[in-house]
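Any read-out appearing in this document is the output of simple, stated calculations on the displayed coordinates, not a laboratory observation. Note that the structure is a prediction, hence the values are computed from the model and not measured. Cβ sites come from the backbone with ideal geometry, for glycine too, and all protein chains shown count toward neighbours.
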Amino acid sequence: MSEHHAEPDHAHQLKARMRLDLKDAMKGRRTAEITVLRILLAAIDNAEAPDIGSAPLQVTGLSGEVERLPLSPDQLEAILVAELRDRERAAAQLTPLGQAQRAEALLREAEIVRRYCGG
């Protein structure tokens, strides 16, 4: 097996873990967690999407999925860290504007993202 199989496997495992956590959050009606997990899964899916130029120009018969781009563990981490930092930056900007409740909500979201960082 080539090295390329190990990296996509990491992405697959992380997304599978997130999907299980999403299912659990939905059962528990934890709306903030549901929202964050959906955003993270979408961000990873978007990063795995091939350039539009690689899609077939015409589809006949049964349409098939275009193969997803493999993401390295470093690329996955970069996606998660970007989501984490976005929330932390927004919270820091909202606090001095008197929007402490929204800032706290963003920091709680950041903690959800942090569960998936670094590992």
Lys and Arg at +1, Asp and Glu at -1: neighbours of residue 79 with Cβ under 13 Å from its Cβ sum to -4
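Sorted from fewest to most neighbouring beta carbons within 10 Å, what does the list 31, 95 look like? If you can, show how the numbers build up before the last one.
On the way: 31 10, 95 15.
Listing 31, 95 from fewest to most nearby Cβ atoms yields 31, 95.
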